[in-house]
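Data first, discussion second: the structure below is written as structure tokens.
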Amino acid sequence: MSARSDGTPRRRGRPPRTESAGTRDRILDAAREEFSARGYEKTSVRGIAKSAGVDPALVHHYFGTKEQVFEAAVEVAFAPAFTVRDAILDGPVEEAGERMTRMIISLWESPVTRAPLLAIVRSAVNNEIAAGVFRRLIAGQLLRRIAGRLDVPDAELRAELAAAQLVGIAMIRYVIKVEPLASADAEQIVRRVAPVVQGHLTGR
């Protein structure tokens, strides 16, 4: 039996059923940390396993390939965004721009959700496989659902333009950290950006 970096034994093979949920979560936590620190290309299943304190066979058992581990990490990281999706859709469509802007900014403002979001975005920017996973999940889980509520021409394009507006702001504010946007008050950003997002969604 091999050992973790702290000297405790690393378990080989499948864990007992009572340990399964904890082991899976530990692997996902380790994966997000590895993808954040190293990016998609330099992250390996072996490195994720070492960080999680498990045998690489367990990573394959729960998730399969590195791409599938990344996809699972994206789903977990963006789970709050998928909840946001439901909140965006629940209400008058003429107010959807403000709801969408406010909720996406709030996800980035929270230290709990910001760290995994940064890890995923950085990997997606630097690697086409990671970008493909990101696109597939965001398009399928978020943008198409929003587009389905818009009774306007080119609804999918409109939803993507609204998302692009918010992703661009997130990149400049939280990833590149360009001033004065990086230090601007979040509520000020919402007030200025929400009408633009609403224009993408329902404007002429």
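The values are calculated or read from the model by the stated rules, or taken from the named source; none is laboratory data. These figures come from a predicted structure and were not determined experimentally. Counting neighbours? That spans all protein chains shown, and the Cβs are built from the backbone with ideal geometry, glycine included. Keep in mind that these areas ignore ligands, DNA and RNA; they rest on the heavy atoms of the full protein, side chains included. Shrake-Rupley method; radii C 1.70, N 1.55, O 1.52, S 1.80 Å.
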Additional length obtainable on full extension of the chain from R192 to R46, 0.36 nm per residue less Cα span = 48.0 nm
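Is the shape of the stretch 106-204 best called rounded, prolate or oblate, per the rule: a/c under 1.5 gives rounded, else a/b larger than b/c gives prolate, else oblate, with a ≥ b ≥ c the square roots of the Cα gyration tensor eigenvalues?
On the way: a/c = 2.15, a/b = 1.15, b/c = 1.86.
Oblate shape, in that a/c is at least 1.5 and b/c is the bigger or equal ratio.
Out of the total accessible area of the chain (probe 1.4 Å, heavy atoms of protein only), what percent is carbon and sulfur? Mind dumping the intermediate values first?
Values: 5770 of 10960 Å².
Carbon with sulfur: 53 percent of the solvent-accessible area.
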Principal axis dimensions, the stretch 151-203 - Cα atoms, whole angstrom, descending | 36, 19, 10
Please compute P(r) over all alpha-carbon pairs of the stretch 51-167, binned at 5 Å starting from zero, and give each bin as a whole-number percent.
-> 2, 10, 19, 22, 18, 12, 8, 5, 3, 1, 0
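Rounded to the nearest 500, what is the chain's calculated 222 nm mean residue ellipticity when only DSSP H runs of at least 4 contribute -39500 (n - 2.57) each, over all residues?
Numbers: 11 runs with 140 residues, N = 204.
-21500 deg cm²/dmol, from helical runs alone.
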Probe 1.4 Å - accessible area at H61, Å² to nearest ten | 80
Accessible surface ranking that places the most exposed of L157, L150 first, with a 1.4 angstrom probe = L157, L150
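Using a 1.4 angstrom probe, figure out how much accessible area the chain has per residue, in square angstrom, rounded to the nearest whole. Walk me through the numbers before you get to the answer.
Numbers: 10960 Å² over 204 residues.
For the chain, the solvent-accessible area averages 54 Å² per residue.
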Between D154 and S20, what is the spin-label point distance in nm, taking each point 7 Å from the Cα along the Cα→C-beta axis?
-> 4.8
